[in-house]
Amino acid sequence: IAFEEMYFMQCDVLQKKKEWKGERQERLKIPMDVELIRAFFESLNFTPTNSQKISIYEILKDMEEDHSMSRLLEGDVGSGKTLVAVTVLANVIRHGGQCALMVPTEVLARQHVSSIGKILINFHNYLEEHKIENLRMKHPSIALLTGSVPASEAQTIKNGLATGTIDLVIGTHSLIQETVQFHNLQLVIVDEQHRFGVSQREQLKEKGSPHFLSMTATPIPRTLALTSYGHHDLSVLTEKP
């Protein structure tokens, strides 16, 4: 009986994975810019781990396809999931796409706006200072959108997302409300997968079926990963910087 239950569960999650990938869209094809990634690593004051490099490659390789990626990034606290995410964000922004990062709490959202914003802006400045012409990247526009953002400010942010003048929005579940529309949403990253429900994932599909990357610090046994999380491909950070 246990075997049959596992079999049907796997069939169910594989069907969900197929549905998530949905129809093919040329706009979802984002080239893996190897020179950009190399320059990004050089702009840091440390060297990424092999696990980080492998995960970045796996994610960017998925995003070269014309259908939606669905990948889970697993790693202990301190293993460097955020750096993996920022590298991927830089590649998307470089190619003109919009990104959204959803986190469970407003405190974490504000922390990410500060830390991720600093890394992306420093990278932009690095490219400008070194005059790497073939890697020119626009100055990233980053916004915070949570329930506590004043209505007038929130409306300005929504206008920027709809017209494409905002490259990255970081926030809580406010990001998936109906009034939030994007000009060209190509990537959604969700921190802590277990707090993100199926209905919320469906709401993302309505915003253009973007590439989807979820991150978790919760260790997931391989058997469970193949059943409950089988609709994701899996990348694992096995070492710490």
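Key figures for this structure:
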item	result
Members of LYS131/LYS158; LYS29/LYS53; LYS131/LYS205; LYS205/LYS240; LYS131/LYS207; LYS207/LYS240 lying beyond 30 Å, as alpha-carbon distances in this model show	LYS131/LYS158; LYS131/LYS205; LYS205/LYS240; LYS131/LYS207; LYS207/LYS240
Rounded percent of accessible protein surface that carbon and sulfur make up, segment 17-130, 1.4 Å probe	50
Added length on full extension, which subtracts the Cα-Cα distance from 0.36 nm per residue, HIS139 to ALA162	6.4 nm
Nearest-20 debye value, segment 68-176 charge dipole, Cβ charges on Lys, Arg, Asp, Glu	140
Local net charge near PHE40, Cβ-Cβ under 10 Å (Lys/Arg +1, Asp/Glu -1)	-1
Per residue accessible area of segment 21-139, 1.4 Å probe, in Å²	46
Full-extension gain in nm, GLN181 to ILE132, via 0.36 nm per residue minus C-alpha separation	14.3 nm
Förster-model FRET efficiency, 35 Å R0, LEU234 and ASN122, C-beta, rounded to 0.05	0.70
Approximate spin-label separation ILE54-GLU42, in nm, with each point projected 7 Å along Cα-to-Cβ	2.7
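The values are calculated or read from the model by the stated rules, or taken from the named source; none is laboratory data. This one's a predicted model, so the numbers in the text were calculated from it and none came from an experiment. When we count neighbours, we look across all protein chains shown, and the Cβ atoms used for this are built from the backbone with ideal geometry, even at glycine. Please note that ligands, DNA and RNA were not included when accessible areas were found on the heavy atoms of the full protein model with its side chains. Shrake-Rupley method; radii C 1.70, N 1.55, O 1.52, S 1.80 Å.
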